[in-house]
1. Name the single residue, out of those in segment 30-45 being assigned to a strand (DSSP E or B) and touching a helix residue (DSSP H, G or I) at 6+ places or on another chain (Cβ under 6 Å), that is surrounded by the fewest Cβ atoms within 10 Å (Cβ to Cβ).
2. Hey, can you tell me all the residues within segment 84-105 that are touching a residue at least 12 places away in the same chain (Cβ under 8 Å) and surrounded by fewer than 15 Cβ atoms within 10 Å (Cβ to Cβ)?
3. Could you identify the single residue in A93, A141 that is small (G, A, S), under 15 Å from R174 (Cβ atoms) and at pLDDT below 85?
4. Could you list, in sequence order, all residues of segment 117-148 that are surrounded by 19 or more Cβ atoms within 10 Å (Cβ to Cβ) and assigned to a loop (DSSP other than H, G, I, E, B)?
5. Would you say A151 is surrounded by fewer than 19 Cβ atoms within 10 Å (Cβ to Cβ), among the small types (G, A, S) and farther than 15 Å from T85 by Cα?
6. Name the residues in segment 499-532 that are farther than 26 Å from Q338 by Cα, free of Cβ contacts under 8 Å to residues at least 60 places away in the same chain and either outside the structural domain of Y488 (by TED's automatic domain parsing) or not aliphatic (A, V, I, L, M) (or both), would you?
7. Sort out which residues of segment 276-314 are outside any helix (DSSP H, G or I) and either loosely packed, with under 10 Cβ neighbours inside 10 Å or free of Cβ contacts under 8 Å to residues at least 40 places away in the same chain (or both), and write them in order of number.
8. For V48, which of the numbered conditions (1) loosely packed, with under 14 Cβ neighbours inside 10 Å; (2) hydrophobic (A, V, I, L, M, F, W, C); (3) touching a residue at least 40 places away in the same chain (Cβ under 8 Å) fails to hold?
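The values are calculated or read from the model by the stated rules, or taken from the named source; none is laboratory data. Because the structure is a prediction, the values reported are computed rather than measured. Counting neighbours? That spans all protein chains shown, and the Cβs are built from the backbone with ideal geometry, glycine included.
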Amino acid sequence: MLSLDSISKRHGSQILFIDASLAVFRGDRVGLVGPNGAGKSTVFRLLVGQEQPDAGQVNVDRGISIGYFDQNVGEMSGQSVLAATIAGAGEVAKVGEEMARLEAAMADPEQADQLEQVIDRFGEVQARFDALGGYGLSARANEVLAGLGFAPEVIEGDVGKLSGGWKMRVALARVLLMKPDALLLDEPTNHLDIESIIWLEGFLASFEGGLIITSHDQAFLNRVVTRIVDIDEGDLISYSGNYQFYEEQFRLRQLQREAQYARQQAMLAKEQAFIDRFKARASHAAQVQSRVKKLDKIEKIEPPKQRKLIEFEFRAPPRSGDDVVALEHVEKGYGSRQIYKDFSLLIRRQERWCVMGINGAGKSTLLRLVAGASAPDGGSVRLGAGVKLGYFAQHAMEILEPDATVLGMMERTFPLAGLGVLRTLLGAFGFSGPDADKRCQHLSGGEKARLVLALMMFDPPNFLVLDEPTNHLDMDTKSMLVRLLRGYEGTLLFVSHDRKFLSSLSNRVLELTAEGPHVYGGGYDEYVAQTGQEAPGLRH
């Protein structure tokens, strides 16, 4: 269906691909992985013709339709969410529009002299519309939008009033509704909650075409893909299996590369030692020359590049009192909508609470109340003795000064810290070398999140309140954050839609439902075992 044949591509001085090849067939489910900046989005743009290779061929079979979702959402306004979704559904939407125009022409007396041609064309268009499933299009669109978390009243509402994240969901719904031969999905899970991610997993399980997908959600990739293609030093390396299998095979491949390199280095050192020892002796001239020629002919193995984030020794937070925060008889609402009524909760030292609930259940509201960013309408929220609180939310990016560099922000915040220590910390959060000199105004959403987390964790508080901390984080940074928080000696209260993050870190679950809050004594895995569901919105 789709292939890249011996392509080479560079952006400025950065070489992305050298003689790299990839083939995707009907039924393939490919997960595209690689470090940030390796060229994952470039692969998509090459396949849809938005970029051209410097060398090699991009091949797309004749008649193949491609649905491409990326993070660039066009202008949406002036129509309902449903209409905007249907309008972007590719050929079937265009055929439907033509059919509507032809219906209007047949009813127009001024076009009576062309009625026969219009009727003939209408027959052709109607047959194509039917073949494309057009008569079920509205029902399918409603089903897809509901699966992606849209309430019925929102589906009928103005798409222009949606936030950027919800417009992303509309853009994704458009592509899914197309039913193309090939789906190219670049980070489709970024703005989805757990319920929508799980729905998408089911939708893609029944998709019969070719699929290429990138995602920083490891659980999602494990369930969706059957092959991983890794962008590795300019090449595209294919691994059969899901992401977990790829991780194991990649580590094995790295060990083999390191062993091959070490063996060759040992051999070269031995040969060079012989040459150095006997090059001045006439009696060994022939042997020395022979070995010099042998070394010249050997193809040198390059030292394997390491994909390891820098480790940083984080300080232990100061000890807090045993009672970290107490919410007593809390009342909170917005307008006529009551979020919390007579709600009480006690969080104790070293507990790790994850908060579960459908959209609008009050997860972020709870975190804002605990962090002091919002006041209760009634009742009280009290922090315990010795509690030093750190709060991460999406608006936390506002603390970054646009003109400051990444390193400059660290130096301004911690003026007594050594430059080497700050650079090592930034390296642990993915800001190595020149990345530390980027200005904050030029950072991506994920980079801003990493910098805010670095600022928070250099001198860690003993109570961390984290609202979706993994949004936009790549696999490596997410793994580093999980490792860091596993060893964290403080108390955690967090919201996340990343199931690995939830599973790795929680030992308490607070589930917010329409019937009221429910507390589970174990972590996320125990919650799933007890409820039989991975998220509250999936329970029937």
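1. Only one residue tops the list, namely G31.
2. Once the filter is applied, which keeps residues that are touching a residue at least 12 places away in the same chain (Cβ under 8 Å) and surrounded by fewer than 15 Cβ atoms within 10 Å (Cβ to Cβ), segment 84-105 yields only E103.
3. Being small (G, A, S), under 15 Å from R174 (Cβ atoms) and at pLDDT below 85 holds for just one of A93, A141, which is A93.
4. Once the filter is applied, which keeps residues that are surrounded by 19 or more Cβ atoms within 10 Å (Cβ to Cβ) and assigned to a loop (DSSP other than H, G, I, E, B), segment 117-148 yields L132, L148.
5. In short, no.
6. Listed by number, the residues that qualify are F501, S503, S504, G521, G522, D525, E526, Q530, G532.
7. K279, A280, R281, I298, E299, K300, E302, Q306, K308, E313
8. (1)
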